[in-house]
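The values are calculated or read from the model by the stated rules, or taken from the named source; none is laboratory data. Worth saying up front: this structure is predicted, and the values here are computed from it rather than measured. We place every Cβ from the backbone using ideal geometry, glycine too, and count neighbours over all the protein chains shown.
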Amino acid sequence: MQNKQVSEKVLITGIVVSMFLWGLSWPSGKVLTAYSSAINFVVYRYIFVVGTLFPILLFLRTGIQVKKQGIPIIIGSGILLGLYSFLFFKGLKNGHPGAGGVLVTTLNPIMAYSIGIFLSKKMPSRNESIGLVLGLIAGCVLLEVWNHPDAILASGNVYFLLAAFTWAVMSKLTSKAGLYGSSLSFSLWQYIITLCFLLPMMDVQEFKLAIHITDHLFWINLIFSSAIVTTLATTVYFYATTRLGPEKASSYIFMVPLAAAVSSWLFLDEHILPHTIVGGMLGMAAVYIINKEKKTN
């Protein structure tokens, strides 16, 4: 996948659709928690991801080679993706999933910009600053901090904070993918490293039992969360970091909570509350403002 082959309009459409798919993965993941432990679920996911991405590379006739200079970046980003998955699902087990999910999606863009400022010594533009503040307000509204002031500091949510930081650092690494080969080949090797990182944490006995699960709901959601959400949506996000930069690309994550709320309403019959709509719209506005081009005379 070369940069010149994808127009900016197609790229923006792709990342918006990807964020909606990420939102869909929340209720899908909730269904899967009834069948599997968190770590095993992530291992199953990346087995399917590697198994589905490799044929796509063959179909597109994209080589899997990457430059030797990129190997440390691949290993680092793969380990960070595995660490992110571990921390996020550890947070689901020990913290509040709803609050934690909002916490991660709100802090990801803010931390990405903070890392960018630290490394490049370049402050965000006026639009970016306004958008980041608006995104932070959106997260507070979604969390209903006026009713639940302890939600952010609740036991277990430290895992979500660490997960957000890990994702921001990883996004910075994946933004360099285009320097060492195609984004797809970089992603394939990154996912393989992630799988290798997570395998030692897997419950082997549970894995053996999972193979014999006959409930179609389990397999449909597992295939969706791996082949669609990760192989396609997450790979599109990683590609977007190479084109837009990790800061701009991560700003679209503000859209995920609203997508999650809508999909939970559609598939799990959960009610959409007023503060969810307000927070979601603020998040959408934050994405628009951050990515709005500055007018020139």
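Scan region 24-46 and tell me whether some residue there is within 11 Å of L188 (Cα to Cα) and in a helix (DSSP H, G or I). Explain how you work it out, then say what you get.
So in region 24-46, the residues within 11 Å of L188 (Cα to Cα) come out as 46.
Then keep just the ones that are in a helix (DSSP H, G or I); that gives 46.
Among the residues of region 24-46, at least one is within 11 Å of L188 (Cα to Cα) and in a helix (DSSP H, G or I), which makes the answer yes.
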Original post:
Out of (1) buried (at least 20 other Cβ atoms within 10 Å of the Cβ); (2) modelled with pLDDT under 80, what's the single condition that is false for L266?
Top reply: (1)
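Mind listing whichever residues of region 182-191 are of a type outside the set (F, W, Y) and either modelled with pLDDT of 90 or more or more than 17 Å from Y84 (Cβ to Cβ) (or both)?
S182, S183, L184, S185, L188, Q190
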**OP:** Collect the residues in region 233-246 that are hydroxyl-bearing (S, T, Y) and either at pLDDT 90 or above or under 19 Å from V50 (Cβ atoms) (or both), keeping them in residue-number order.
**Re:** T234, T235, Y237, Y239
Original post:
Of the residues T230, T276, T241, which is in contact with a Leu (Cβ under 7 Å, 6 or more places away or on another chain) and of a type in the set (S, T, Y)?
Top reply: T276
**OP:** Report yes if V102 is within 14 Å of V256 (Cα to Cα) and at pLDDT 90 or above, otherwise no.
**Re:** no
Subject >> Options L119, L107, L136, L162: the member that is surrounded by fewer than 20 Cβ atoms within 10 Å (Cβ to Cβ) and either in contact with a Pro (Cβ under 6 Å, 6 or more places away or on another chain) or modelled with pLDDT under 80 (or both) >> reply: L119
Subject >> The lone exception for K294 - which of (1) among the basic types (K, R); (2) modelled with pLDDT of 80 or more; (3) farther than 20 Å from M111 by Cα it fails >> reply: (2)
Subject >> L258 being out of contact with any Lys or Arg (no Cβ under 7 Å at 6 or more places or on another chain), buried (at least 19 other Cβ atoms within 10 Å of the Cβ) and in a helix (DSSP H, G or I) >> reply: yes
Original post:
Of all the residues that make up region 16-56, how many are surrounded by fewer than 21 Cβ atoms within 10 Å (Cβ to Cβ) and of a type in the set (D, E, K, R)?
Top reply: 1
**OP:** May I ask you to say which residue of T194, T230 is modelled with pLDDT of 90 or more and either within 23 Å of M284 (Cβ to Cβ) or surrounded by 15 or more Cβ atoms within 10 Å (Cβ to Cβ) (or both)?
**Re:** T194
**OP:** Scan region 200-224 for residues that are closer than 10 Å to Y44 by Cα and either among the acidic types (D, E) or under 21 Å from the mean Cα position of the chain (by Cα) (or both) and jot them down.
**Re:** L222, I223
Original post:
Quick check: is even one residue across region 197-215 surrounded by 14 or more Cβ atoms within 10 Å (Cβ to Cβ), modelled with pLDDT under 80 and assigned to a loop (DSSP other than H, G, I, E, B)?
Top reply: no
